[in-house]
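Before any comments, here is the structure.
The values are calculated or read from the model by the stated rules, or taken from the named source; none is laboratory data. Predicted model, so just to flag it, every value in this text is computed and none were measured. So basically every Cβ, Gly included, is an ideal-geometry build from the backbone, and we count neighbours across all protein chains shown. SASA here: full protein model, heavy atoms, side chains in, ligands and nucleic acids out. Shrake-Rupley method; radii C 1.70, N 1.55, O 1.52, S 1.80 Å.
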Amino acid sequence: MVDLRGRHFLTLKDYTKEEILYLLDLAAELKEKKKNHIPVDTLKGRNVALIFEKTSTRTRCSFEVAAHDLGMGTTYLDPSGSQIGKKESIKDTARVLGSMYEGIEYRGYGQEIVEELAAYAGVPVWNGLTNEYHPTQMLADMLTVKEEFGKLAGLKLVYMGDARYNMANSYMVVCSKLGLHFTACAPAKYFPNAELTAQCQVYAAESGGSITFTEDVAEAAKDADIICTDVWVSMGEPDEVWEERIHDLTPYKVTMDVMKQAKESAIFLHCLPSFHDLGTVIGRQIHEKYGISDMEVTDEVFEAYAESVFREAENRMHTIKAVMAATLGA
Ligand code: CP
Ligand code: NVA
């Protein structure tokens, strides 16, 4: 019997396969209830703090809607509107918020910050994205994959692009825990770090999954069930890296040609936001400077696979609700 009450949710490295599958089942159940207008407000009277040191659309809205559905109150602390880090240490912030709230979400920079928050809060702390990991996103992605294929273990998931950051790291962790075959496809200097890879190799040996790194797009895409990517420059990275990333990662853009080399049943996933057209300020600036109209994925692929991408986005809310319900003991 899985019991996650009182647990932090900082990275899926801390969770067993059974615990991750339990959260996915709970999320599916909560999603079904939401669709049928069955209330789940079992956490009435509790409150959660939502700290965002980086901007967000999906993660913030997911935490707010999920908390409200569970009957809880929320306080949103935006990237500039609190004392955190500037005038007050993480350790002191943790002790203050831990005395007022039943749970704390944190989105920000280094993983060590969310870990310090967790060490001193005395209440569950949930990672809403750090430079290293994005674990709530992984639950949404796995729920979407499970809805699509009816299973997880044995599927081939291919990540194309900068594989050293939160999204690729987290895919490698979740795939190796759950027995999926993970492939990172990028120039070698963008492969995940050796320490995390070694750790995930151990998980994969146990789950029956596998980890492959390749620079060869055709080899990666062959027989893929899921192709995914992420922005080439993540939040918090300096503007100076754009030029090099565009140069290095353009051959790893997800195009229709890539999708055609995957299985016919393959889906495309993107955590969003995505640069697939000129509908964004940054997209237009990059277009002016470098003459390109899309980046990590073409508009053609994005629109052709919009159903899975936006269901993945919706699933953020159901899976985040599952994490809060399970760790707060609803
Ligand atoms: N995918 C994701 O985390 O989106 P936001 O940055 O909008 O929260
Ligand atoms: N790698 C991206 C993910 C955004 C959800 C970033 O950190 O900006």
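With angles folded into 0 to 90 degrees, how steeply does helix 58-69 sit against the dominant principal axis of the chain? Use alpha carbons for both and round to 10. The angle comes out near 40 degrees.
After finding the eigenvalues of the alpha carbon gyration tensor for region 201-323, what semi-axes result from the square roots of 5 times each, listed largest first in whole Å?
Over the Cα atoms of region 201-323, the ellipsoid semi-axes are 25, 19, 17 Å.
Ligands, DNA and RNA excluded, the heavy atoms of H287 present near 70 Å² of accessible surface to a 1.4 Å solvent probe.
Dipole orientation for region 210-324: of the candidates A262, A218, W242, A262 has the Cα lying most toward the positive pole (charges on Cβ; Lys, Arg +1; Asp, Glu -1).
Expressed in nm to one decimal, what extension gain is obtained for the pair F149 and A119 from 0.36 nm per residue of sequence separation less their Cα-Cα distance? Don't jump to the answer; show the numbers that get you there.
Numbers: separation 30, 0.36 × 30 = 10.80 nm, distance 3.81 nm.
Here the answer is 7.0 nm.
For region 180-285, the carbon plus sulfur part of the accessible surface works out to 53%, probe radius 1.4 Å.
If I compute solvent accessible area with a 1.4 Å probe over the protein chains, what percent of it on region 85-172 is carbon and sulfur?
About 49 percent, which is the carbon plus sulfur part of the accessible surface.
Taking every alpha-carbon pair in region 176-246 and binning the separations at 5 Å intervals from zero gives 3, 14, 20, 21, 21, 12, 7, 2, 0 percent. What the phi angles of region 241-256 give under the Karplus curve with 6.51, -1.76 and 1.60, with θ = phi - 60°, is a coupling list of 7, 3, 4, 5, 5, 4, 5, 6, 9, 3, x, 10, 5, 7, 10, 4 Hz, glycine and proline written as x.
Viscosity 1.306 mPa s, temperature 10 °C: Stokes-Einstein D of region 102-215 from its Kirkwood Cα radius, in µm² per second? In µm²/s, the coefficient is 108.
Would you please put 310-322, 195-207, 161-173, 32-44 in order of how densely packed they are, using the mean number of other Cβ atoms within 10 angstrom per residue and starting with the highest?
Working: 310-322: 23.2, 195-207: 15.5, 161-173: 25.6, 32-44: 12.2.
Order by mean packing, descending: 161-173, 310-322, 195-207, 32-44.
Here region 205-244 has an Rg and Dmax of 14.9, 41 Å, counting Cα atoms alone.
Rounded to the nearest 5, what % of the DSSP beta bridges within the chain are antiparallel ones?
On the way: 0 of 34 bridges.
Given both bridge residues lie in the chain, the antiparallel proportion sits at roughly 0 percent.
What FRET efficiency would be calculated for the residue pair E244, E112, taking the C-beta separation as r and a Förster radius of 35 Å, to the nearest 0.05?
According to the calculation, E is roughly 0.85.
By how many degrees, 0 to 90 and rounded to 10, does the Cα axis of helix 281-290 deviate from the longest principal axis of the chain? For 281-290 against the chain, the angle is about 30 degrees.
Across the cross-link table entries K17/K260; K222/K289; K13/K253; K156/K321; K151/K263, which are compared at the Cα atoms, the separations over 24 Å belong to K17/K260; K222/K289; K13/K253; K156/K321. Give me the angle, in degrees from 0 to 90, between the Cα long axis of helix 111-121 and the longest principal axis of the Cα atoms of the chain, rounded to the nearest 10. That helix lies at roughly 10 degrees to the long axis. Could you please state, rounded to a whole Å, how far the C-alpha centre of region 93-151 is from the C-alpha centre of region 222-284? That distance is 25 Å.
Using a 1.4 angstrom probe, figure out how much accessible area the chain has per residue, in square angstrom, rounded to the nearest whole. Write down the numbers at each step before the final one.
Values: 13610 Å² over 330 residues.
That works out to 41 Å² per residue.
Please list Y106, Y133, Y76, Y120 in order of solvent-accessible area, largest first, computed with a 1.4 Å probe with all protein chains present. Could you put the intermediate results ahead of the total?
Values: Y106 0, Y133 25, Y76 70, Y120 95 Å².
Accessible-area ranking of Y106, Y133, Y76, Y120, largest first: Y120, Y76, Y133, Y106.
What translational D, rounded to a whole number of µm²/s, comes out for region 1-139 from Stokes-Einstein when the hydrodynamic radius is the Kirkwood one over Cα pairs, at 10 °C and 1.306 mPa s? D, rounded to a whole number, is 102 µm²/s.
What is the magnitude of the charge dipole of region 186-274 about its Cα centre, with +1 placed on the Cβ of each Lys and Arg, -1 on the Cβ of each Asp and Glu, and no other charges, expressed in debye to the nearest 20? Each step should come with its number before you reach the end.
Numbers: 6 positive and 16 negative charges, 59 e Å.
I would put it at about 280 debye.
Over all directions, the projected convex hull of the C-alpha atoms in region 270-320 averages 3.8 nm² in area.
Summing charges over all other residues whose Cβ lies under 11 Å from the Cβ of G98, with Lys and Arg as +1 and Asp and Glu as -1, gives 0.
Note down the magnitude of the dipole of region 106-183 about its Cα centre, charges +1 on Lys and Arg C-beta and -1 on Asp and Glu C-beta and zero elsewhere, to the nearest 20 debye. Please report the intermediate quantities before stating the final value.
Values: 6 positive and 8 negative charges, 61 e Å.
Value, rounded to 20: 300 debye.
Output the direction-averaged projected area (hull surface divided by four) of the convex hull of the alpha-carbon atoms of region 1-53, in nm².
Details: hull surface 21.4 nm².
Mean shadow area of the hull around the Cα atoms is 5.3 nm².
Please compute the length gained on full extension between A306 and S89, using 0.36 nm multiplied by the number of residues separating them and subtracting their Cα-Cα distance. Please report the intermediate quantities before stating the final value.
Numbers: separation 217, 0.36 × 217 = 78.12 nm, distance 4.16 nm.
Here the answer is 74.0 nm.
So what's the gap between the Cα centers of region 299-327 and region 2-72, to the nearest angstrom? Each part's Cα centre sits 13 Å from the other's. For the chain, the pair-distance distribution built from all alpha carbon pairs, in bins 20 Å wide starting at 0, is 32, 59, 9 percent. Figure the gain on full extension for R5 and Q199 (residue separation times 0.36 nm, minus the Cα-Cα span) and round it to one decimal in nm. That pair, R5 and Q199, stretches by 67.2 nm at full extension. Taken one residue at a time, the phi angles of region 304-319 give Karplus couplings (6.51, -1.76, 1.60, θ = phi - 60°) of 5, 10, 4, 4, 5, 5, 7, 5, 4, 5, 4, 5, 4, 5, 5, 6 Hz. Gly and Pro are set to x.
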